1. Hey, does the stretch 34-48 have a residue that's touching a helix residue (DSSP H, G or I) at 6+ places or on another chain (Cβ under 6 Å), touching a residue at least 40 places away in the same chain (Cβ under 8 Å), surrounded by 11 or more Cβ atoms within 10 Å (Cβ to Cβ) and not in a loop (DSSP other than H, G, I, E, B)?
2. If the Cβ limit is 6 Å and pairs must be 6+ apart or interchain, which residue in the stretch 4-33 that is open to solvent by 70 Å² or more (accessible area, probe 1.4 Å) pairs with which residue that is part of a loop (DSSP other than H, G, I, E, B) and among the aliphatic types (A, V, I, L, M)?
3. Anything in the stretch 1-45 that is modelled with pLDDT under 90 and away from the ligand (no atom under 16 Å from the Cβ)? List them, or say none.
Amino acid sequence: MRGHPAFVAQHATATCCRSCLQKWHGVDIGRQMNGAEQEEVVSLIMKWIDRQMRS
Ligand SMILES: [Zn+2]
């Protein structure tokens, strides 16, 4: 999985795991993410991938 675009994107946007989500996005580890938070994370990843493909 090392170097896979989605994996790289998750690390670049700090959405790779719950502790990064808590640290960088303020999502508590103990609770489920709501729909808006999930959408925001997905759109962050998509924007990041889009940026990489343009550069
Ligand atoms: Zn992480």
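1. no
2. PHE7/MET1; ARG18/ILE29; GLN22/ILE29; TRP24/ALA14
3. Hits for the stretch 1-45 are GLY3, PRO5.
The values are calculated or read from the model by the stated rules, or taken from the named source; none is laboratory data. This one's a predicted model, so the numbers in the text were calculated from it and none came from an experiment. Using ideal geometry, Cβ is built from the backbone for each residue, glycine included, and neighbour counts are taken over all protein chains shown. Please note that ligands, DNA and RNA were not included when accessible areas were found on the heavy atoms of the full protein model with its side chains. Shrake-Rupley method; radii C 1.70, N 1.55, O 1.52, S 1.80 Å.
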